[in-house]
Structures are given as structure tokens and as C-alpha cells.
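So the structure is just underneath, and the comments pick up after that.
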């Protein structure tokens with residue numbers, strides 16, 4: 001399939017596909033006339049890239065998943081290098097959750113204090 005068809009089937013743009021190619025993630029064949037040709041395996045790779053980007057992975061993080069698919073595996077996350085990236089990302093998300101929990105507790109404490117000590121002067125209109 002040509003780049004336009006791949007873009008349409010993957011739900012992305014041709015510009016994005018060319019960018020993925022520049023990053024070494026997508027590998028088209030070139031016809032004699034220079035047109036990019038993609039097989040169905042590239043569609044699967046693009047779906048994998050987009051799903052990983054959607055959950056916060058960067059393009060460098062995605063490379064092991066693509067390599068895993070290219071090695072003939074049924075999924076991009078079954079290879080050891082992919083598992084390392086998944087573990088690192090999970091630890092990162094756990095860290096964010098801890099930070100957000102602390103922030104939530106602080107906000108809740110401030111709100112509780114504000115409600116208990118609110119003054120009616122705050123609600124008067126300006127002259």
C-alpha cells in the first residue's frame with residue numbers, strides 16, 4: 001500500500017508516517033519511482049506506535065516494542081527490552097501518583113481550613 005492508504009488505515013497523516021520513518025520506526029520499501037510501499041506489518045507497527053504514544057511513551061521508548069514486532073512476535077511488549085521500558089514507565093507513573101496524592105491531601109487540608117475559617121468580608125462587592 002502507498003503512504004496515503006497507510007495513513008488512512010492507521011488514522012494518522014502522511015507527515016506523521018514520514019516522521020516515524022525518519023525516527024527509524026517505520027520501514028517502507030521504495031519502488032523504482034521512489035514511492036513508499038508498505039505491507040500490512042507496517043500497519044501493525046503504526047498501531048503499536050500510536051497506542052504507546054497515547055499512554056505517554058516517547059518515541060525512544062517505543063523502539064524496543066517495534067523491534068519486538070519486527071522480530072516476528074505477536075506483541076510488541078513480550079521482549080525483554082520492552083519489559084524493561086514497561087517497568088520504567090510503571091515506576092514513573094507510580095511516582096506521579098504519589099505526587100498527586102500528596103498534592104490532593106494538601107489541597108484538601110487547605111480547603112477544610114478555608115471553610116472552617118471563612119469570613120463574610122470576602123463576599124462583599126467592591127465600591
So, in the range 22-43, exactly how many residues are closer than 13 Å to residue 6 by Cα and surrounded by 15 or more Cβ atoms within 10 Å (Cβ to Cβ)? 7
Does the range 39-51 contain at least one residue that is under 30 Å from residue 12 (Cβ atoms), over 17 Å from the mean Cα position of the chain (by Cα), in a loop (DSSP other than H, G, I, E, B) and modelled with pLDDT under 95? yes
Considering only the range 28-36, I want to know if a residue exists there that is closer than 17 Å to residue 61 by Cα, touching a helix residue (DSSP H, G or I) at 6+ places or on another chain (Cβ under 6 Å) and either at pLDDT 95 or above or outside any helix (DSSP H, G or I) (or both). no
Scanning for something more than 30 Å from residue 1 (Cα to Cα) and without any contact (Cβ under 8 Å) to a residue 60 or more places away in the chain, does the range 67-80 turn up at least one residue? yes
Pair list, Cβ < 8 Å and 6+ apart or interchain, from the range 89-104 residues that are under 22 Å from residue 64 (Cα atoms) to residues that are assigned to a helix (DSSP H, G or I): 89/61
For the range 54-91, enumerate the residues that are surrounded by 14 or more Cβ atoms within 10 Å (Cβ to Cβ), under 12 Å from the mean Cα position of the chain (by Cα) and under 17 Å from residue 26 (Cα atoms). 57, 59, 61, 62
Given (1) farther than 30 Å from residue 90 by Cα; (2) surrounded by 11 or more Cβ atoms within 10 Å (Cβ to Cβ); (3) modelled with pLDDT of 95 or more, index of the condition residue 15 fails: (2)
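The values are calculated or read from the model by the stated rules, or taken from the named source; none is laboratory data. Every value quoted in this text rests on a predicted model; they were computed, and no experiment measured them. Cβ: placed from backbone, ideal geometry, glycine included. Neighbour counts: every protein chain shown.
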